[in-house]
Amino acid sequence: APPIEGTLVVNVGDMLEAITKGLLISTPHRVKNPDPKKMRISFPYFFDPCVDFVIRPLALSPKMSNLSEKSVSERKSMGVARWDSKAEAADVNSMIAGEVGLTYGTYLLRKVTKVF
């Protein structure tokens with residue numbers, strides 16, 4: 001996206017996608033400078049839960065739940081893959097579905113071994 005002066009860009013990560021049941025979509029976290037002649041400053045800051053955090057979806061309002069279900073359904077019907085092209089390995093929602101007690105540490109270990 002083109003830069004907008006005075007704004008802050010926040011990339012949604014896998015945990016926000018998981019706890020919002022797919023309402024927010026995890027994005028690739030890359031910084032590109034479209035014009036190498038101009039300075040661009042980027043301060044990456046990653047905020048992760050504790051490794052023993054148990055991943056549970058948030059209680060969304062009925063309106064947000066409907067939007068989440070619609071968003072996930074539309075992406076699946078259009079064959080839209082996740083940013084990492086590893087939908088099967090990195091599909092956060094299916095990874096935590098039915099797995100009671102999945103911790104962030106376990107999730108992270110699985111992701112790292114499949115992405116790298």
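Conditions (1) open to solvent by 80 Å² or more (accessible area, probe 1.4 Å); (2) at pLDDT 80 or above, marked per residue:
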| position | (1), (2) |
| --- | --- |
| M15 | no, yes |
| F47 | yes, yes |
| C50 | yes, yes |
| S65 | no, yes |
| G79 | no, no |
| D84 | no, no |
| A87 | no, no |
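All of L23, L8 fail the test of being surrounded by 10 or more Cβ atoms within 10 Å (Cβ to Cβ) and either closer than 27 Å to S68 by Cβ or touching an Asp or Glu at 6+ places or on another chain (Cβ under 8 Å) (or both), apart from L23.
The single condition among (1) open to solvent by 70 Å² or more (accessible area, probe 1.4 Å); (2) within 23 Å of S73 (Cβ to Cβ) that M39 does not meet is (2). Here V10 meets the list (1) part of a loop (DSSP other than H, G, I, E, B); (2) closer than 19 Å to Y107 by Cβ almost entirely, failing just condition (2).
Pairing residues of the stretch 1-12 that are touching a residue at least 12 places away in the same chain (Cβ under 8 Å) and more than 18 Å from D35 (Cβ to Cβ) with residues that are among the hydrophobic types (A, V, I, L, M, F, W, C) and surrounded by 10 or more Cβ atoms within 10 Å (Cβ to Cβ), at Cβ distances under 8 Å and at least 6 apart in sequence or on separate chains, gives V12/L24; V12/I25.
Please determine, by comparing only the residues of the stretch 67-77 that are open to solvent by less than 40 Å² (accessible area, probe 1.4 Å) and hydroxyl-bearing (S, T, Y), which one is modelled with the lowest pLDDT. Once the filter is applied, the top-ranked residue is S71. Restricting the stretch 26-36 to residues that are surrounded by fewer than 10 Cβ atoms within 10 Å (Cβ to Cβ) and within 21 Å of L108 (Cα to Cα) leaves a set whose member that is nearest to the chain's Cα centre (by Cα) is P28. Across the stretch 89-108, the number of residues qualifying as open to solvent by less than 40 Å² (accessible area, probe 1.4 Å) and at pLDDT 80 or above comes to 5.
The values are calculated or read from the model by the stated rules, or taken from the named source; none is laboratory data. Keep in mind that this is a model prediction, so the values were computed, not measured. Neighbour counts run over all protein chains shown; Cβ positions are idealised from the backbone, glycine included. Surface areas here come from the heavy atoms of the whole protein model, side chains and all, with no ligands, DNA or RNA. Shrake-Rupley method; radii C 1.70, N 1.55, O 1.52, S 1.80 Å.
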